[in-house]
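Here is the structure we will look at, set down as structure tokens.
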Amino acid sequence: MLLSLARIYGTTVSELLGESVTGRDAVVRASGMEPTHAGGWTYWQAGASGRGMQALRVRVPHGSQGDIVRVHPGEEWLYVLKGRLRLRLGDTVHLLAPGDSAHFDSLTPHRIAAEDPDGLELLFVHTLLQSPTATLCLGPHIGETP
């Protein structure tokens, strides 16, 4: 709902919530990016936390979590760095190569999978606030209720 309001008023969710960005470091150094592992995927935080968008670098091995369909409010932008990405948006399947990108409303059911045996690496930006990396990208963990 906040994302919709921000779009209507031509502002950001952070501004709607009165968040102050002063004092935050705008630069994220590679040396400070600690990997997080979940469901076979590896994530590196590529942007500052607590912002209206979350940026991640993601490594997706072949065959891991490719059957999980995600649906959530917000937008997503993906950019393929290495390997090929099989992206299902609704009933349409797209094959993206390095340098290709996709930008979509994440209420569209979507699925991400590595097409190549060596997996893939991508940049991932989303607008869903307060979502742990693993929950956003992989869905609930085994034993959790959705």
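The values are calculated or read from the model by the stated rules, or taken from the named source; none is laboratory data. The shown structure was predicted, so the numbers you read here are calculated from the model rather than taken from an experiment. Heads up, the Cβs are rebuilt from the backbone with ideal geometry, glycines too, and the neighbour counts pull from every protein chain shown.
Structure summary
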read-out	value
Failed item in (1) surrounded by fewer than 17 Cβ atoms within 10 Å (Cβ to Cβ); (2) within 16 Å of residue 125 (Cβ to Cβ); (3) free of Cβ contacts under 8 Å to residues at least 40 places away in the same chain; (4) not charged (D, E, K, R), with residue 46 passing the rest	(3)
Within segment 10-43, considering residues that are exposed (fewer than 10 other Cβ atoms within 10 Å of the Cβ) and not small (Gly, Ala, Ser), the one modelled with the lowest pLDDT	22
